[in-house]
Every structure is written in C-alpha cells, then in structure tokens.
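Read through the structure below, which is laid out as structure tokens, and then see the notes.
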Amino acid sequence: MKKIIAIQIMLLMLGIIISCNKSSDVSIMNSHSTLVELYHDWRAFQGDLFTDGVPDYSDGRMKKQYDEFPVYKNRLANFDTTGWSISHRIDYHLVLAEMNGLDFDHRVIKPWKRSPAFYGIVWDYQSDTPAHEGSVAHGLVELWTYDYPLSHTDAEKLTQRLHTVPPFLAQAKINLTGNARDLWRGGIYRMKSQTSALTNLSEKTVGTSEALTVAINDAIIATNDFVAWLERELPSKKGKSGIGIDNYNWYLKNVHLVPYSWKEVETMMRRELVRAHSSLKLEEHRNQDLSPLIPMASKEEYDNKTHASVTEFISLLEDRDIVTMKDYMDQALRERISPYSPIEPREFFSEVIFHDPMVMRTHFYHWFDLARMRDEPHSSPIRSNPLLYNIWDSRSEGLATGMEEMMMHAGLFDHHPRARELFHILLAQRAARALGDLMMHANKWDIDQAVDFTSRNTPRNWLRQDGRTVVFEQHLYLQQPSYGTTYLVGKIQVEKLMTERAMQLGVGFTLKGFMDEINQVGLIPASMMYWEMTGSSEHLRGIK
C-alpha cells in the first residue's frame, strides 16, 4: 500500500513539473521579445515580393501572399498580453494594425489593380514624413538618396535599380484591371512626373557612364509608353474610386487606430472649416490698421527671411522651455529650406511661405521627427522603423499641424501679427481638403467636385484649381483613405492628450515635459500615444 502511495506521489510530482514546464513555455512564447521576433518575420514576409529583382504584384504572387498571410495573423493571435506593460501591449497593437493594413489592401484598396500611380517607383524627393504618403510599391528608386555627381559605385547601383522600371511597367499593364476612373486619371499625372524626374536625372548625370545613360533612357521610354497606354485606356474607365463609408470606418479603427467614425470626422472637419473662416475675419479686422503682408520679391529677401524664421523658431523653443533641444534641430530645418523660385502664380504652400515663412517653420517639426528617428531610434524595434500603411499619420501630420496653433499661442507670432492670418488660411485649406477625402470615399463626390470645393473654401484664391497642389492632394487621398483628415484629426487628438495630461499632473504639468513625452513614445498613432502617456485605453473602443 505504501509503495502504491509512493508511486502516486511521484506521478503527481511529475505532473506538476510537466505543468510548470508547459506554463514556462507559454510564458516564453508570449514575451515581448517573441513579439519582436514575429515582427521581423512579418516584415520579411510583407516585403518578399520580388522576382528576378523586380517588384512582383502579379495575380499569382498576390494570391500566394494572401494565402500565406494567415500564418502570421494566427501567430499574433496566439499571444496573451495579460500582464504586459502598456508600452509592450501597444507594440502588439501596432503589429496587428500593420497586418490589418495588408488584409485591407488585398480586400479593398488593391492598389496594384486599381491605381496606376502605384507603379511610379522613381522618386526624386524625400517625404517630410517617415515614409512616402499613400500606397507605394516595394523596390522604390530613391534618386534623392544619392550624392551628385555620382561615384562609380553609386552609378552602378542606380543603373541596376533603374533596370527594374521597364519590366515593372510592362507588368503593370497586365495587373491593372480596375475600373476606378479618378485613380486612373491621377495615375497619368503621377507617371508624367516620373518622366520629369528621369529627364532631370539624365541632365545632371551627363557623362557619368554609358550604362547609366542607357538605363535612364530605357526608363523614360517605358514610362512614356505606359502614360500613352493609360491615356488610351482612360475612356473605358467608368467606376468610382472611393472605398465606401463602411470600409472607411473599418480602416480608421483597425488600421489607423483612429477612435472616430466617418460621420464623426465629417462633423469635426465642418466645424474646423467654419472656425477657420470666422477666425480669419476676426484676425483681419484686428489687423486692419497694419500694413498688409507683401510677398518676398527677391532671392536676397527670401534667403534672409527664411533663415531668420528658423532662428526665431529655434530660439522660442529653447528660451520658452517648449521642448528639450537637440544639436540636430537647427540644421534639420535649415537644410530643408526650399530654393528661391520667382515663378508665378505660386502654388498654395509657396504662397504662404512667400508672405511669411514663420508658420510653415512650425509645421516642419516633421524634420525634427526624421532626425530623431535617425539619430535617436526608439528602443523598441517595432517603433524604430516607419510603420507600414502610413499608420504614423495622425502623429506625424497631427503634431506638425498642431505645432502651428500651439506656437501661435506660445507667442511665436507676437512680432508677426499678420502671420496669424496665414494660420487660419492653412486651417481652412486642411479642413476643406479633408472633406474632399471624406466625400470622395463616400462616393458622394468625384475628384473634380473635391477639387472645386477645396479650392473655393480656401481663402484668397491661393489654392488654384489650375494649380498642381489641389489635384495632387485629392488624388493622394483617394490612394490613401483618411490621409486628408489626419492633419486635423491628429491635431485634435494631440490637444485632447495635452488636456488630459494637464489634468493628471496639475501644477506639475509643463509644456516641455509634455513635448518630451510625445517624442519619447515614438511615431505611433495619436490614440496609442494617449494610451501610453495617460494609462487610459477607454477611448479605443474594444482595444485592450
């Protein structure tokens, strides 16, 4: 009997040991480090879309990607984040949002089928955001990353990159089976800009190498041929380009982690548009006895005033204890001052800058963000790289836009009273174009109606319908749903966050502390910043 009892005790002990080992295995599988491993696997999978070095968005390759996608989604679903820190739980939701972005691309947006602009892979400028706005393909040829004149090594590298353009555009003619007319029209414009970029490249690389010259010419020929094909096909394209309100709502919540619906955002944007116009009239009345703003008329005046605006902005940030200053901040703004161009009529943002460059200096907080990402990457690998599918937009565009009004209240325009008028003009333009985004995706307006509305509701006729800016922006918002709204929706979220932190901290709240907190959490959605900085996730509607 004693022997039987001893055996039972041994079996019981063995069971406990096995149970503990299993529990230990589960704990390891649910660690943040394991999430980081999944993240790296996921990113490698998401970017594995090349055949013989050329981006491949053929039906077969896209089907293969979507068929294999559940493996990664299921791995993520098996995580139990109970007991994780808020920061690590947010990282989990960032990976989930990226996976939802790929799912939405396959189910709804399908840029490789619907958007000819997707095949414009030659870029001659750096975006002021963490990555290019809109739906972009893998395998981009980033001309701005090279130093000119090109070294022998860079010339060879660029030659090889440009060799991908003709086969990629040949593939595009097979892949593009969609019927979205406005996306098709905008794609023609985008591809013509690729021809211009390649032509400029040809001019500044004359004599570099024969192989590079041939590669550039082949890319130009292929791009022009693609434009001609798009123009021939355009008359047959009759369909809507918007994704519909239900899809828009799903995308806001599950990909961009925005805690508002299409209807709520529409209400916000209409309120902001009215506020901008009424505030402008009050500001103009206040300033009626002051000399009007006169656009800068010479290169010397332009250089002096733009550099002075950087000096004044940097001084305000430092002297008023607005944010912890870094060595790279001054240079980050100065090296992004656009060269003087006397061409008239000017595009919208040039009009603003030429009247007083101070307001746009505040918006170029963007360049601080990019310098920080480069020089002080976030400790979490999941946040150290730009989030896919423009998921960073409410933080990147929202804070940059919010800085304009925040710095106005902080005193930056005290010596530029009429520059306050420019802030209200910018606000009106952003609210109007956001409504274009909303109405196009609700399929209530086409792009022409969105362009007309945005132009008419931007004061002083600075956003001309015959200009490049208004068409470019509305086409971008068709490619990337909600991007047009994120400037002001993100700004509103930052303001809400500031309010909550001030209430939590009471007399301990400082603007510098608040700004430093924002910078420390990384370029993540504004809703996730709110969660990390306040500890509250009540606004996230089901995300726990």
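The values are calculated or read from the model by the stated rules, or taken from the named source; none is laboratory data. Bear in mind the structure is a predicted one, so any value in this text is a computation, not a measurement. FYI the Cβ positions are ideal-geometry reconstructions off the backbone, even for glycines, and counts take in every protein chain you see.
Would you confirm, using the coordinates I've provided, whether T213 is assigned by TED's automatic domain parsing to the domain that holds H475 and either modelled with pLDDT under 95 or surrounded by fewer than 17 Cβ atoms within 10 Å (Cβ to Cβ) (or both)?
Numbers: assigned by TED's automatic domain parsing to the domain that holds H475: no; either modelled with pLDDT under 95 or surrounded by fewer than 17 Cβ atoms within 10 Å (Cβ to Cβ) (or both): yes.
Answer is no for this residue.
Does the stretch 367-384 include one or more residues that are outside any loop (DSSP other than H, G, I, E, B), surrounded by 22 or more Cβ atoms within 10 Å (Cβ to Cβ), under 25 Å from the mean Cα position of the chain (by Cα) and not basic (K, R)?
Pass one, the stretch 367-384, residues outside any loop (DSSP other than H, G, I, E, B): 367-375, 381-384.
Cutting the leftovers down to surrounded by 22 or more Cβ atoms within 10 Å (Cβ to Cβ) gives us 369, 382.
This time we only want the ones that are under 25 Å from the mean Cα position of the chain (by Cα), so: 369, 382.
Retained after the next criterion (residues that are not basic (K, R)): 369, 382.
Scanning the stretch 367-384, I find at least one residue that is outside any loop (DSSP other than H, G, I, E, B), surrounded by 22 or more Cβ atoms within 10 Å (Cβ to Cβ), under 25 Å from the mean Cα position of the chain (by Cα) and not basic (K, R), so the answer is yes.
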L523, sole failed condition from (1) surrounded by fewer than 16 Cβ atoms within 10 Å (Cβ to Cβ); (2) touching a Lys or Arg at 6+ places or on another chain (Cβ under 7 Å): (1)
Residue in the stretch 434-442 that is farther than 26 Å from G522 by Cα, surrounded by fewer than 23 Cβ atoms within 10 Å (Cβ to Cβ) and more than 21 Å from the chain's Cα centre (by Cα) present: yes
Condition met for G411 (small (G, A, S), surrounded by fewer than 22 Cβ atoms within 10 Å (Cβ to Cβ) and in a loop (DSSP other than H, G, I, E, B)): yes
Test: S394 is within 24 Å of V489 (Cα to Cα) and either surrounded by fewer than 21 Cβ atoms within 10 Å (Cβ to Cβ) or assigned by TED's automatic domain parsing to the domain that holds S482 (or both): yes
Given (1) over 28 Å from L234 (Cα atoms); (2) under 24 Å from the mean Cα position of the chain (by Cα), number of the condition H32 does not satisfy: (2)
Selected residue [surrounded by 13 or more Cβ atoms within 10 Å (Cβ to Cβ), hydrophobic (A, V, I, L, M, F, W, C) and without any contact (Cβ under 8 Å) to a residue 60 or more places away in the chain] from V359, V310: V310
Any hit, the stretch 157-177, residues being surrounded by 17 or more Cβ atoms within 10 Å (Cβ to Cβ), in contact with a His (Cβ under 8 Å, 6 or more places away or on another chain), modelled with pLDDT of 95 or more and under 26 Å from V471 (Cβ atoms): no
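For the condition under 17 Å from D414 (Cα atoms), free of Cβ contacts under 8 Å to residues at least 40 places away in the same chain, more than 22 Å from the chain's Cα centre (by Cα) and surrounded by fewer than 17 Cβ atoms within 10 Å (Cβ to Cβ), what is the one hit in D303, D327, D319?
Values: D303 fails: under 17 Å from D414 (Cα atoms); D327 fails: under 17 Å from D414 (Cα atoms).
Testing whether each residue is under 17 Å from D414 (Cα atoms), free of Cβ contacts under 8 Å to residues at least 40 places away in the same chain, more than 22 Å from the chain's Cα centre (by Cα) and surrounded by fewer than 17 Cβ atoms within 10 Å (Cβ to Cβ) leaves just D319.
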Those residues of the stretch 162-193 which are closer than 16 Å to T51 by Cβ and out of contact with any Lys or Arg (no Cβ under 8 Å at 6 or more places or on another chain), in sequence order: H163, T164, V165, P166, P167, F168, L169, A170, Q171, A172, I174
Elements of type helices (runs of 4 or more DSSP H) contained in the stretch 457-544, each with 1 or more residues being without any contact (Cβ under 8 Å) to a residue 12 or more places away in the chain and within 21 Å of L252 (Cβ to Cβ): none
